[in-house]
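Engineer: Please find one structure pasted underneath; my questions will follow.
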Amino acid sequence: MMITVELSMYPLAADYKPTIRAFVKELRGHGGIETVTNQMSTQVCGEFAAVMPAVNGCIERAMAANDKVVFVAKFLNTGLDINRTPDLE
């Protein structure tokens, strides 16, 4: 089953950018998934069996490595073309 996940990470630290960059870089290193990052979030698309271990592992390591970090996630049970800007017309 294809899924799409949208993740937003909020490290509760003054110097938050390196933590976010490290998380996104690690997530992008997983094969079999597609990732797109913008100023608000990162979208991940692929087979459930590839996406979930990548997302879970990256979140677990980020939480273990940081004092406090908040994640907000949305899950959709279909694949979206996350590289394409939607047609709003």
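Computed from the coordinates by the stated procedures, all read-outs in this text should not be read as laboratory data. All of these numbers come straight from a predicted model, not from anything done at the bench. Ideal geometry is used to build each Cβ from the backbone, glycine not excepted, and the neighbour counts take in all protein chains shown.
Engineer: Tally the residues that are over 15 Å from Asn38 (Cα atoms) and part of a helix (DSSP H, G or I), restricting the search to segment 8-21.
Structural biologist: Matching residues across segment 8-21 total 2.
Engineer: Sticking with this structure for a sec: Within segment 67-89, take every residue that is of a type outside the set (A, V, I, L, M, F, W, C) and farther than 20 Å from Val5 by Cβ and give me the one that is nearest to the chain's Cα centre (by Cα).
Structural biologist: Among them, the one singled out is Lys68.
Engineer: Next question, about the same structure. Among what's in segment 4-61 and is of a type in the set (Gly, Ala, Ser) and touching a residue at least 40 places away in the same chain (Cβ under 8 Å), pick the residue that is surrounded by the most Cβ atoms within 10 Å (Cβ to Cβ).
Structural biologist: Here the answer is Gly46.
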